[in-house]
Amino acid sequence: MPIATYNFDPFLNVFERASATPSLKKREKSEIQVSPLVYQAKRKSPGSGEDVVSPPIDVFETPEHYEVVATIAGVSPSDVDIDFDPGTNQLKLSGTVSAEHDENYRRKFIKVGERKVGNLERTVTFPEDVTISLDDIKAHSLHGVLKVILPKKQTPEKKKKITITITDSEDN
């Protein structure tokens with residue numbers, strides 16, 4: 001069984017997704033879903049000058065927590081926003097990859113332009129049946145690697161059988 005699925009599948013059209021079997025829909029809700037990794041930055045709109053950059057990530061799961069590790073080399077941690085929406089169980093990394101020079105300088109003098117600059121975006125959706133402990137989410141960055149720890153909230157049992165103890169006196 002795959003550990004991650006992507007939210008967008010260009011080969012699965014809207015009609016196929018709408019007619020998906022209940023077991024497929026249930027499986028999708030119980031898996032970690034990750035927005036697609038865009039290797040080639042894409043323009044938001046032609047001529048806008050802003051690219052959308054998606055950093056590569058790894059997602060780990062232990063019995064106690066999830067760990068999302070993202071490569072954000074060259075991006076200041078102060079330029080990255082991390083949001084978690086408990087309604088959708090979705091972690092969103094967003095921010096800005098800044099250029100070293102302004103657009104006019106780049107157009108005039110650049111000879112090789114491989115670095116992508118613009119908006120940084122990546123999302124991870126966790127299974128519906130897992131509750132994340134919001135107050136305990138932590139993030140830190142070291143040498144261009146961002147690590148986000150999302151502790152799982154230990155949910156109480158849904159049902160508990162109560163055993164009746166028989167005693168000899170009314171005092172107990």
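The values are calculated or read from the model by the stated rules, or taken from the named source; none is laboratory data. Keep in mind the model is a prediction, meaning the values are calculated, not measured. When we count neighbours, we look across all protein chains shown, and the Cβ atoms used for this are built from the backbone with ideal geometry, even at glycine.
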For segment 101-140 the number of residues that are in a loop (DSSP other than H, G, I, E, B) and in contact (Cβ under 8 Å) with a residue 12 or more places away in the chain is 11
Answer yes or no: is there a residue in segment 13-32 that is in a strand (DSSP E or B) and either at pLDDT below 90 or out of contact with any Ser or Thr (no Cβ under 8 Å at 6 or more places or on another chain) (or both).
yes
Flagged in segment 88-100 as assigned to a strand (DSSP E or B) and of a type in the set (Val, Ile, Thr), in numbering order, are THR96, VAL97
Check LYS138 against each of (1) surrounded by 14 or more Cβ atoms within 10 Å (Cβ to Cβ); (2) under 30 Å from SER30 (Cβ atoms) and name the one condition it does not meet.
(1)
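Give the residue, chosen from VAL112, VAL130, VAL148, VAL124, that is surrounded by 11 or more Cβ atoms within 10 Å (Cβ to Cβ), among the β-branched types (Val, Ile, Thr) and more than 13 Å from the chain's Cα centre (by Cα).
Values: VAL112 fails: surrounded by 11 or more Cβ atoms within 10 Å (Cβ to Cβ); VAL148 fails: more than 13 Å from the chain's Cα centre (by Cα); VAL124 fails: more than 13 Å from the chain's Cα centre (by Cα).
Result of the check over VAL112, VAL130, VAL148, VAL124: VAL130.
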Checking LYS159 against (1) in contact with a strand residue (DSSP E or B) (Cβ under 6 Å, 6 or more places away or on another chain); (2) part of a loop (DSSP other than H, G, I, E, B), only one condition comes out false. Which one?
(1)
Determine which single condition PRO63 fails, assuming it passes every other condition in (1) more than 30 Å from SER30 (Cα to Cα); (2) at pLDDT 85 or above.
(1)
Residues of segment 88-144 being in contact with an Asp or Glu (Cβ under 7 Å, 6 or more places away or on another chain), closer than 14 Å to GLY74 by Cα and of a type in the set (D, E, K, R), in sequence order, are LYS116
For the list (1) touching a residue at least 24 places away in the same chain (Cβ under 8 Å); (2) farther than 28 Å from LYS153 by Cα, I need the number of the one condition that GLY95 fails.
(2)
Can we say SER98 is among the hydroxyl-bearing types (Ser, Thr, Tyr), exposed (fewer than 15 other Cβ atoms within 10 Å of the Cβ) and modelled with pLDDT under 90?
yes
Hey, GLY87 crowded, with 18+ Cβ neighbours inside 10 Å, modelled with pLDDT of 85 or more and small (Gly, Ala, Ser) or not:
no
So which residues in segment 66-77 are of a type outside the set (A, V, I, L, M, F, W, C) and either touching a strand residue (DSSP E or B) at 6+ places or on another chain (Cβ under 8 Å) or modelled with pLDDT of 90 or more (or both)?
TYR66, GLU67, THR71, GLY74, PRO77
